Every structure is written in C-alpha cells, then in structure tokens.
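Below: one structure, written as structure tokens.
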Amino acid sequence: MPHDFHGRVIWITGAGGALGRASAELLAGQGATVIASGRRLEALPAGERIVPLPLDVTSTPAVEAAAGDIVARFGRLDGLVTSTTLPIFGDFLSLDDEAWQKVIDTKLLGTVRLARAVLPHLVAAGRGAIVVLSGRGGIEPSPQHLPGSSVNAALLLLVRGLGAIHGPQGIRINAVSPGPIKSPRLDALNAAGTGAPPRTPLEGPGLPGDVADAVAFLLSDEARFITGTNLLVDGGGRVLS
Ligand SMILES: NC(=O)c1ccc[n+]([C@@H]2O[C@H](COP(=O)([O-])OP(=O)(O)OC[C@H]3O[C@@H](n4cnc5c(N)ncnc54)[C@H](OP(=O)(O)O)[C@@H]3O)[C@@H](O)[C@H]2O)c1
C-alpha cells in the first residue's frame, strides 16, 4: 500500500542490509527523507532522499551524537527503524560469551541506545513511530540461532514496554518479525546447518520488500491506533509450529 511520507525524516540503522535497504528505498520512494546508517559507508544506500550516515550502534556517544545531528540538520525526526544485526550462528555449545555479547551489544543494546537517543526528540514533538526488526526466532527459537532468537524475544518485550510508556505521548513503537526472507543472512543461517528451511503455508522464502511493506505500514498514519505489537512477516510459519 502506498503511504505518504513527504516531509518526514526517518532514520534506519542496518540500512546496508537486505531488509534495511529495502525499507530505505521504499520509504524514500514514498516521499520520506531517509537517514541510512551502518558501520560501512560503502555498503549504505544513497540517492535521492537517502542520506548515508555511518554509525556503530555499539557506541552510546556515537548514537546520541548522530540523533542530535539529524535533528539539528533536518529540523525534525519522525521515525526510527532498527534493522541491525550480526550473523552469528552455530551450535549452542560452540558459542562462547564473546559471541553472545556481540549479538546482545549490537541488536539488543543497540536498539536500546537508539530508542533512548531518539525518544526525547519524539516526545518533545509529541509524535513519531519506531519499528524494531525482531525475528520469528523470538517466538520459535531456531536451534542454530539461540543468541539472536533470545535477543529477538527480549526486543518484543521491550517494544511492549515502550509502547505502554510512550503511547500517551503520541508515540507508537512496534516490532516486525520476519520469517525466512531471501537474503544473505538467510543463506548464512542455512549454511550453519539448520536443515530444511522453516515450512510456511505461503510459498517462501519471502522477499525483503515484504518486510519493507510491513515497516512502512507501521510507520505510517494508517497504523495510528497500533502500538506495542509484533507483526509477523513469516509466510504464516507460526501457525504450523
Ligand atoms: N533476513 C532474514 O531472513 C531475517 C529473518 C529474521 C529476522 N531478520 C532480522 O531483520 C533485520 C535485518 O536483517 P537483514 O537480513 O537485512 O540483515 P543483514 O543483511 O545482516 O544487515 C544487518 C546490517 O546491520 C549492520 N550492522 C551490524 N553491526 C552494526 C553495528 N554495530 N552498528 C551499525 N550497524 C551494524 C550491518 O552493516 P555494517 O556491517 O556495515 O555495519 C548490516 O548491513 C535483523 O535484525 C535480522 O535479525 C532477518
């Protein structure tokens, strides 16, 4: 569904990834000015209405400075999409503290840092929306992906909590949980030896644009009465488990 994001400024982290890039391109195509962040400048999308902004979300000062810079430069910030992750997969007994800490620092704490940096600006404006990319593993854990699955579950709880806290201030916070989506990350997960891809009633895998559509909807005014929830984009895989 086309939405109208003209005049809105939306910040996407993990924008160099398959799903972040698809979201950035869709939102820019629907009129938003998109700030696209990730660590590697060369991996970030750029173009009309897409402004690359290199950032490491494991640095609290860098995240706070980036949020301030965006508001100072563009005069507003309307939305945040966190699509950051590290592809760390493997048997539970083979993953050490360092592997777990990397995933937690990047995806869970990264999202916490971003929300903490952005929310004061949204609260001051009395409006705004955040969409957190979680994952179906947060509900049905994938055996080769327990760090990511655990973080995804934590993010779903965070989204519910933030939705309750900030709804009265006019801010909506929701999660999107992709199932298998055609992407390098899915290839890496399959290469880690997960066996057959998850079964889905709808023919899969899904496409990055399927996730971008869900992100755009939750950011849009059409989702004005939706907060604290989780939208599964998993081809219906949840109903088979
Ligand atoms: N693809 C799927 O099938 C699928 C399924 C379930 C859930 N998801 C979730 O959906 C989201 C997006 O997935 P994806 O497939 O697009 O992942 P992806 O291609 O691996 O992209 C993740 C992006 O995060 C960035 N990143 C990693 N560490 C960072 C850091 N410290 N600071 C800033 N950026 C960092 C990476 O760019 P740099 O290396 O340049 O920083 C990368 O471009 C993730 O949360 C993922 O867990 C995806």
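The values are calculated or read from the model by the stated rules, or taken from the named source; none is laboratory data. This structure is a prediction, so every number in the text was calculated from the model and none was measured. All Cβ positions, even for glycine, are placed from backbone atoms using ideal geometry, and neighbour counts span all protein chains on display. Quick note on the areas: whole protein, heavy atoms, side chains included, nothing else; ligands and nucleic acids left out. Shrake-Rupley method; radii C 1.70, N 1.55, O 1.52, S 1.80 Å.
Label 7 Å along Cα→Cβ of ALA46; region 10-24 residues with amide nitrogen under 18 Å? Backbone N within reach: 12-17, 21-22, 24. Under the rule of -39500 (n - 2.57) per DSSP H run of 4 or more residues, summed and divided by the residues of the chain, what mean residue ellipticity at 222 nm is obtained, to the nearest 500 deg cm²/dmol? Estimated from H runs of four or more residues: -12000 deg cm²/dmol. Among the trypsin sites (Lys or Arg not before Pro) in region 18-78, those located in a DSSP loop and surrounded by at most 12 other Cβ atoms within 10 Å of their own Cβ are ARG40. Counting only protein heavy atoms and a 1.4 Å probe, the chain has 46 square angstrom of accessible area per residue. Of the residues ILE173, ILE139, ILE165, ranked by 1.4 Å probe accessible area with the largest first, the sequence reads ILE165, ILE139, ILE173. Here the average projected area of the convex hull drawn through the C-alpha atoms of the chain stands at 12.2 nm². Say each of GLU64 and ASP96 gets a label point 7 Å from the Cα, pointing the same way as Cα to Cβ; how far apart are those two points in nm? Simple spin-label model gives 3.2 nm for this pair. Got the relative contact order for the chain handy, in percent, Cα pairs under 8 Å and 6 or more residues apart? Contact order relative to length: 20 percent.
Projected onto its three principal axes, the C-alpha set of region 92-218 covers 48, 36, 21 Å, listed from the longest axis down. The phi torsions of region 19-35, fed into the Karplus equation with coefficients 6.51, -1.76 and 1.60 and a -60° offset, translate into couplings of 7, x, 5, 4, 5, 4, 5, 5, 5, 5, x, 9, x, 6, 8, 10, 9 Hz, rounded to whole numbers, with Gly and Pro shown as x. Convex hull volume of the Cα atoms of region 1-113, normalised per residue: 108 Å³.
Rounded to the nearest whole Hz, the Karplus-based 3J(HN,Hα) values (6.51 cos²θ - 1.76 cosθ + 1.60, θ = phi - 60°) of region 160-166 follow the sequence 5, x, 5, x, 5, 5, 9, with x at glycine and proline. Here the accessible area is traced with a 1.4 Å probe on the protein chains. For the chain, carbon and sulfur cover 57 percent of it. How far, in degrees from 0 to 90, does helix 109-125 lean away from the longest principal axis of the Cα atoms of the chain, to the nearest 10? Helix 109-125 sits roughly 30 degrees off the main axis of the chain.
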